[in-house]
Each structure stands twice: as structure tokens, then as C-alpha cells.
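Asks: Structure in C-alpha cells, see below.
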Amino acid sequence: MTEPLLRIDGLHAGYEGQIVLRDISLDVPEGALITLLGPNGHGKTTLLRCISGLMKPSKGRIEFAGKRIDGLEADKLVARGIVMIPQGDMLFPEMSVYDNLKMGAYLPVARAKFDENVERIYTLLPRLKERTTQLARTLSGGERRMLAIGRGLLSGGRILMFDEPSLGLAPIVIDQIYEVINDLKAQGRTILLVEENADRIIELADRIHLLDTGQIVWAGDGHELDSQQQILETYLGG
Amino acid sequence: MNYFIQIIVSGLTFGAMYALAAVGLALVWGAFNMLNMSHGIIMTLGAYFALLWAEYMGMPLVLAAPFALVCGAVVGVIAYFISAHWMLKQKNFEVTIIIATFGLGMALEAGLLKFLRELFRTAPYSQPLSLGAKSFMVADVPVSYQRLVVWAGAIVLIVLVGLFLSRTTAGRAVRAVAQNRDAARLVGVPVRRIYVMVLALGSGLAAVSGIMLSSFKDVHPLMGGDPMLKAFIVIVLAGLGNITGALYAALLVGMVEAAVKVLIADKYGFAAILILVILALIWKPAGIFGRSTVARQ
Amino acid sequence: MKRRDYIIFALLLGIAIAYPWLHPPRYLIASALLMFCYATVVSQWNLVFGMAGIFSLAQVAIFALGAYITAMLGRYLDWSLWYTFPLAGLGGVFFSLLIGVACLRLRGIYVALLTLAVSQVMFVLIQTDSMCSSLNKVLNPATCVSLTGGAQGLGSFGSFGWRSVLGGRDWIIGDYYTMLALLVVGLVVAFVISHSRIGLAFKALRDNEELARSRGISQFKYQLLVFALSAFLTAVAGGFYAAHFGAVGTDMISFPLLLFIISMLVVGGIGRLWGPLLGAFLLMAADEVFKEVSDWRNVGLGVVVLLFMVFLPEGLAGAIEKGWQRIERLFGRRETLGQAARSDDKASSESGD
């Protein structure tokens, strides 16, 4: 078996003495869609912040493409190909949609291919094309999420990490967003996805991890999860 | 009518100088919440750099301002690496950096005084970049050519800064950092490098602003303190970090100061500005150009 | 305040009271009493900044205001200076209330900028004061100098009056004990306030602002209260300063004095019980020791402030406290280790479930 693209081993993290994540270990193989499922406030976003370098873990290691990366600054990690697609509050509110996208291609490698890539983004997310000159803060929740996705895709990473892509959105918008994720998976992109809601990912995910109060309590694929009604009820409220 | 023209002319001049100083302060605040109390001494140093270039090195006068701008930027970079760089993780960074840069500014000012006392003289020098009192008349009011140069210089620099911020990748990165630091890091912006860059830019502008000041008033080691405080007032009035607002606020402050100086007396200029800003803060705490009432607590 | 602190306080007070009886050189007495004066200002600033979190840079302006009130009442109305001190204090309170109402609702950074601007305006107005106002013409018909003395400053308005009691040589000892009394009052007030309900309110606001607010603790109200209370003694200290020197001038509002007093606060340790005293002592001592190179004084002070803010923002008192705690932990190590082991047991039994 080959090395996974991303490997997390015995990770602990927390804020000001309060432990949020305990002994998290998981692998993300190249080309796979791995998900982390769990209720809000149980450390999902914290894990993504640790991987993307916005936060330093207190213990454990993170390896990417065979090299240890925990403790590196976020901008260095983007250059290595770790791209986080945050929730809608992580945009540049006073910039136009176009400038936000352009920021996604900030690094030289991505910048060189921006013009070509941005057209692809517009076909994938046509709503953005309609709104290129609008300021990000004037967008609706769904549009912001799409902009975040578009911006992340333009960074051209080797792994995409989605932070609760469906949170707070209308079902029809969620459908659109998962369509995009489905497309990305079909293209063979490596994806780590964090969600609260199991519905959309049971079919999609290659492997699902359940997170409860900062610990992984169960791991398996979608069918196993489906058959384990009890787990679903206990952790995800059915 | 004469008074009116006089006020406009000198108000525009004050406004232009404060705008350059304030834009630098606002950029730095916007990028990483640093209020640089050594801004004033950098203005002073700018005037001395121009003097050094033109008078003591005998270099072409036209290049004195660019030389001062570059030197000011270098001082800004040094200031970053001996203060802010080590303090970014402090819990009260906003406050501790004020005290630290106040100390730095005072040390530089006292050092400059000492240096000049030993080697040259502390008495004012006249700014070689000044065109003197040569002037033309606008409806009986003499307008010196020097003012035209100051206006043109300020406009050119501000337009350049505007283009930098809106059209270049680095400028976009500066705005990105100011708007959402974590998001900027997530797209690969090396935020600390942006901090250095912004402080260099702001300090370079301060240096040029210092030359302008000295072209009316001579070069003196203590010349920067008062205009720095006025630049602070300008950015408070505009709402901290609001750069376009700072431009308008600089003009407003310049006009008010000029009006008070022309109509009442020189020394009440600053007091009038202060009253203006206090009233503005009570009436509209987010700054008079603030978009919304941002909580300032 | 722990018992340890009471003992330190009593000890220091004893030394300070006994000091003049050791017949030290006169200039050392003069330095010591100036140190008491500054320490009083710093102790009140510590209350404002360290406890209440108000980043006021107007403390030196309030100090100068007190001095000018005393000087002007003494000079123009011929009051005994002892009557002017309470008025100086009240003047300080009034001034601080004005500033406080204008800016305390705003974020700390605005407070710093506005208070600094207020100080600067006060400096400019006094420095350029050369008007023969109508009032002044009545009071000073012959000379018609400016009301505040302008750039020259103001003199000949009286003193504490110890010269007539103790004589031409020992009056300074009277001044010494007067300043010491002021400092003792200043320290006691600072201790009492920081351990009163006000201090608790600020602690509550720091620990959990939302909870504190929901219980009706208004930060603005308490900040205004502390700001005004501390302004009283700060301004009185200014009055005492004027009375001791017999002269006031704009150097009292100037940046070098602000720098000197800030460095006391910073070196001592912001928000620490013993910070102001430690800082005032060290800076005054340094001033004596480095008299030879006094040209470099402000350069040195600036660098000291910078270095402390960068590397030791909690000041010497904070560093000493931390060191002390480490020593205590070293001695109490066995117990803490035992506790850690127990909690580990608990954790492993939980994960085994």
C-alpha cells in the first residue's frame, strides 16, 4: 500500500488550556474523499485549522506527501498544496467577486494559469460569473459559499479541505454545492470534507470518521454507517 | 473673499501633507492594528534625508524626495524588526506596540538631537527643496509655487498608492490582509512580509510628508511630533483603517486648521481640530466616513 | 494583598521614615522626595491602566494641571498652598471626567490617541500663551505677563511653608515627609480600590465580560469612576510638585516627562502591586547613576521602554512574581506530580471503557 497523501497521527489541540481535539488519527489517500462527521462544536473546524496551519496542534504529527508539516505557517502550506475551503465568513468582504477569485490564485504557480482556470470556475459555478463586480459582503450565503469554493479551486491544491459546505444553506443550494463536490471527486481530486449532516455524504465518501467531543469514535464507509442505525442515532440524532 | 481664498489655499496644503502622513498610518493600522508612534520622527528624518542628499552629498535636487522615500522605507523596515516583529503574539499588541514605538520614537528623536548637536547644529536648516516665497496671485492672495509642488506631489503619490492597492498583486494582498487575516493566510499570503511592506510604504510616505512640511517651516529635529498627532486625529476622524476616508478627513482637518489660523489665531488650530474630532466621536463613533456603527469597544 | 505584601510595605515605610535621620546628602533627599511624587503619579496610573484597562496618556497632563491650579491660585489669589491642593485635585477630577465621558466608551486605542492629543493641545496652548487677557491686566497691571506664564513658566506663588517652621536648612525634610505622606496615601488608595468592589468588577469583566455585563456591571461606569478617583491624587501630586519646586512650566506636560513616567510604569510592571514603586525607584536611581551621560538620557529611556515592551511586557515586578512562583512550584513539586499521576489514571480508565 502506498503512503497516504495526508496522514494525521495522534493529534491533540486546544485553546487556552481547554482541549478540543484528543488523539486524532486519520489518513487521506490520494484521490479519495474522506469525511469527518460530527455535531457542531466538537472540533471539526479546529482540525482543519490545524492542518491548514492557522493553528498549532499541541501534540501529535501531521504529514503531507511524506513530509512532516505541523507547525508550519499557513501560507507555506498553501504553496505545498493544502487548500482549505472555509465557510462563507472567510472571504475578503470589501473586494469584488473577481478580486476574491484573483486572491485565490495569489501564489505564482496558480497566478500563471488564472485566466484559463477562472473560465472553468465560471462554468462550474455560473452564479459567480453574474456577480463578478459585486462586493463579496453583498452576496447571499449560498453565493459566498460558492465564492469560497471557487477561490479555493483556483489555488489549485493537491488536497481540498471543505469546512461544512452545507451549513446554514437552503436545500437547493446544498444540492448545487454537492454537485460540484461530486464533479471534483470524479476528476480524481483528493478531498477531506467536514460535515454535520450525514445525508449527503453517505453515498459519496470513501471513508467516514465520526467525531464526538474531540475524539474519533467510529470509522468506516457509508454502507457500514447506514447499517449501523444506532451509531447514527446516538451521534447524529438520527 | 480674500480670507476665503487664503483658507482654501493653506487648507489644501495642510490637507495634502496630513493626507500623506495619515494614509501611511491608516495602511499600517489596517494591516495589523499597529499604531506607529515613531511615525513623527520618520517624517522628521525624511526632511533630513532630503537635506543630506541635496546639501551634503550634492546630488540632483529632483531625486531628493525619492531618496528620502527610500530611506524612510528602510527606517520603517528597521522599526518593524526591532519592535513589532517580536510582539505580534502579545495579547495586548494594540496597546503594547504604542508604548514600544513611543519609546523608539523618543530614542530616535533624542538621538537625532544629540547627533546634530555633536556634529552639526540643532538650529533649523532651510529645506533645499523649498522654492522659497516666489508666488503668483489669485485674486489678491499670493499663492507660492511651493504649494503647487506640494499639491502635485501629494496627488501623484496618493494616486500611485491607490493604483498599487487596486491593480497589483501585492496591493491586493495588502487589502486582503486588512480585510481578513486568516483568509489571506489561507490563500498563501505571507502576512508578516505584508506587514513589513506596509510599514515600509507608510514610512516612505511619512518621509515625503516630512519634506513637504519642512519646505514651509525649515528642518528641525522636533518638527514631526505635532503633525504626527494631527495625522492620528485624521485617521480617528475617518474611522481607523479607512484609507479613502482618511484622505477626505485630512482635507477637512486641513481646512478647519487653516480657517482657525486665518480667522482667529495660529495656536488655536490644534485645539479646534481636537474639539472637532471629539464631537465627531460622540456623534458618530465609527468615524465620520464609517460605513456603519462598528462597535469600538 | 498577602501577608508578605504587608510586611514589605511596613519595612519600606520604616526605611523611608528613618532615611533623613541618617543624614544623607541633601541632593539624595531631594531625589527621594521627587521619586515619591512620581511614584504617586505612577501608582494612580497603574490603577487606571493596569486595573481598569484605560490606556490614558493624559496622566501627565492631569499632573501638570494640578500644578498649574496650585501655582495660579497661589500667585493670583495669594492663597496658602495647602488650600489649593484640594482644588487642584477637584480640577483633575473635572478634567478627567470630561475626557472620560468623551472617549471611555470607545476602544482602548482611541482613548490613547485622544488623551495624547489633549495633552499636546494643553502643551501648545500654554506654550504659546502670551496674551495680556483682560483678567490678567487687572491681576498684573505692571508686568502684564501671560496668565499661565507661557513658555517661561510661572513662579513665586509660595511653598509648603516648612521654611518658617523648620528653618532654611531643614525645610527640605518637611517637604520630604509631605511627599512621603502623599505617596502613602496614594499606595493605600490604590490597594483599597483594587481590592474593593470596583476591583472585583474589573476582574469579573476580564474573566467573563458577557456574564459581568448581564449582572449589570457597566465597564464604562466603573472606568469613569476609577479615572476620576485616580485623577484626584494625580493632580494633588502635581500641586505638591509645584509647591516643592516653587515653579511650574510646560516641561511638565512635555513628551520627555511622559516618557520618564511611562518608563517607570513599564519597567516596574503594568498592573502589578509593587510595579510603580519599583519602577520609580529604579528609574530615579538610574537617573542619578547616569548623570554623567545625561545627554543620552532620553535615548536610553526610549530604548529601555522599547526593550521592556518587546521582551518583558509584564515588567520587573511581573518577572519577579513569575520567578517566585517557579521557585514555589519547585518546592511544592511532589504534590503536583502526584496530582498529575492521579488525573492520568482517570483519563486512561475513561478511554479504556
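The values are calculated or read from the model by the stated rules, or taken from the named source; none is laboratory data. Note that this is a predicted model, so its numbers are computed, not measured. Glycine gets a Cβ as well: all are built from the backbone with ideal geometry, and neighbour counts include every protein chain shown. Just so you know, the surface numbers come from the protein's heavy atoms only, side chains and all, with ligands and any DNA or RNA stripped out. Shrake-Rupley method; radii C 1.70, N 1.55, O 1.52, S 1.80 Å.
Asks: Evaluate the range C:275-293: report whether one residue or more is within 23 Å of C:Gly186 (Cβ to Cβ) and at the interface with another protein chain (Cβ under 8 Å from one of its Cβ atoms).
Replies: So far as the range C:275-293 goes, no, none of its residues is within 23 Å of C:Gly186 (Cβ to Cβ) and at the interface with another protein chain (Cβ under 8 Å from one of its Cβ atoms).
Asks: For the structure I just gave you, tell me whether B:Arg172 is more than 14 Å from chain C (Cβ to nearest Cβ) and in a helix (DSSP H, G or I).
Replies: Yes, satisfied.
Asks: Suppose we filter A:Leu101, A:Leu72, A:Leu48, A:Leu147 for residues that are within 14 Å of chain B (Cβ to nearest Cβ) and assigned to a loop (DSSP other than H, G, I, E, B); which single one remains?
Replies: Answer to the selection: A:Leu72.
Asks: Additional query: Every residue in the range A:181-215 that is of a type in the set (A, V, I, L, M) and crowded, with 19+ Cβ neighbours inside 10 Å, please.
Replies: A:Ile181, A:Ile191, A:Leu192, A:Leu193, A:Val194, A:Ala198, A:Ile201, A:Ala205, A:Ile208, A:Leu210, A:Leu211
Asks: Another question about this same structure. Consider A:Glu63 carefully, then state whether it is open to solvent by 10 Å² or more (accessible area, probe 1.4 Å), farther than 14 Å from B:Ala183 by Cα and among the acidic types (Asp, Glu).
Replies: Yes.
Asks: Follow-up. Somewhere in the range B:113-128, is a residue part of a helix (DSSP H, G or I) and away from chain C (no Cβ under 14 Å)?
Replies: No, the range B:113-128 contains no residue that is part of a helix (DSSP H, G or I) and away from chain C (no Cβ under 14 Å).
Asks: Still on this model: Could you count how many residues in the range C:215-267 are away from chain B (no Cβ under 13 Å), assigned to a helix (DSSP H, G or I) and of a type in the set (Gly, Ala, Ser)?
Replies: Here the count works out to 9.
Asks: Would you confirm, using the coordinates I've provided, whether C:Val42 is β-branched (Val, Ile, Thr), more than 13 Å from chain B (Cβ to nearest Cβ) and either more than 16 Å from C:Ala243 (Cα to Cα) or buried (at least 24 other Cβ atoms within 10 Å of the Cβ) (or both)?
Replies: Yes; evaluated as a whole, the condition is true for this residue.
Asks: I'd like to check which helices (runs of 4 or more DSSP H) are fully inside the range A:182-237 and have at least 1 residues that are at pLDDT 80 or above.
Replies: Once the helices (runs of 4 or more DSSP H) in the range A:182-237 are filtered for at least 1 residues that are at pLDDT 80 or above, what remains is A:201-204.
Asks: Just to be sure I understand, how many residues within the range A:158-168 are open to solvent by 10 Å² or more (accessible area, probe 1.4 Å) and within 16 Å of A:Leu125 (Cα to Cα)?
Replies: Residues that pass the stated criteria total 1.
Asks: Restricting attention to the range B:20-33, which residues are in a helix (DSSP H, G or I), closer than 23 Å to B:Gly225 by Cβ and open to solvent by 10 Å² or more (accessible area, probe 1.4 Å)?
Replies: Matches in the range B:20-33: B:Trp29 only.
Asks: Any idea which of A:Gly71, A:Gly43, A:Gly31 is on the phi > 0 side of the Ramachandran plot and surrounded by 15 or more Cβ atoms within 10 Å (Cβ to Cβ)?
Replies: The match here is A:Gly43.
Asks: On to the next question. Please list, ordered by first then second residue, the pairs with beta carbon atoms under 6 Å, 6 or more apart or interchain, first in the range B:41-59 and touching a residue at least 24 places away in the same chain (Cβ under 8 Å), second open to solvent by less than 10 Å² (accessible area, probe 1.4 Å) and of a type in the set (Ser, Thr, Tyr).
Replies: Note: pairs meeting the criteria are B:Ile42/B:Ser203; B:Met43/B:Ser209; B:Ala47/B:Ser214.
Asks: Any chance you could count how many residues in the range B:252-267 are open to solvent by 10 Å² or more (accessible area, probe 1.4 Å) and either at the interface with chain C (Cβ under 8 Å from one of its Cβ atoms) or of a type in the set (Asp, Glu) (or both)?
Replies: Residues meeting the conditions: 2.
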